[in-house]
Amino acid sequence: MAIKPIDMDAIAAFTGNIYESVTVLSKRSRQVATQEKAELDERLAYFEGFEQELEDPRFQEEQARVSLEYEVRPEPSEVAINELLDGDIYYRDSSKEEDI
């Protein structure tokens, strides 16, 4: 993974506080990681129950292809940072809202 500089001022401007922005990024990256894990588990669940066929090189090749597909995806934290910088993340500060 190549190291890329990130404009911390742009990230801090999202919430007005760098620590709150990092918290938002952390929560979003966990959501992305959980979603990707569920997708991978769903795709690999297809191969369960094929005990005899798992010896077949075609099944092993297909399993490896699916696993490698998920390994080359960007890291969840990178996805979260890109979403934040693109304005795709919605953030609401509940402590600043008035009680009705």
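Figures for the structure shown
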{"item": "Verdict on Leu25 being within 30 Å of Ser94 (Cα to Cα), hydrophobic (A, V, I, L, M, F, W, C) and under 21 Å from the mean Cα position of the chain (by Cα)", "result": "yes"}
{"item": "Residue in region 28-48 that is modelled with pLDDT of 90 or more, basic (Lys, Arg), surrounded by 12 or more Cβ atoms within 10 Å (Cβ to Cβ) and within 21 Å of Tyr91 (Cβ to Cβ) present", "result": "yes"}
{"item": "Some residue of region 59-77 being in contact with a Leu (Cβ under 9 Å, 6 or more places away or on another chain), at pLDDT below 80, farther than 18 Å from Ile3 by Cα and assigned to a loop (DSSP other than H, G, I, E, B)", "result": "no"}
{"item": "Counted residues, region 1-16 - those being loosely packed, with under 10 Cβ neighbours inside 10 Å and either assigned to a loop (DSSP other than H, G, I, E, B) or touching a His at 6+ places or on another chain (Cβ under 8 Å) (or both)", "result": "7"}
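The values are calculated or read from the model by the stated rules, or taken from the named source; none is laboratory data. On a predicted model such as this, the values are computed, not experimentally measured, just so you know. Every residue, glycine among them, receives a Cβ derived from its backbone with ideal geometry; neighbour counts consider all protein chains shown.
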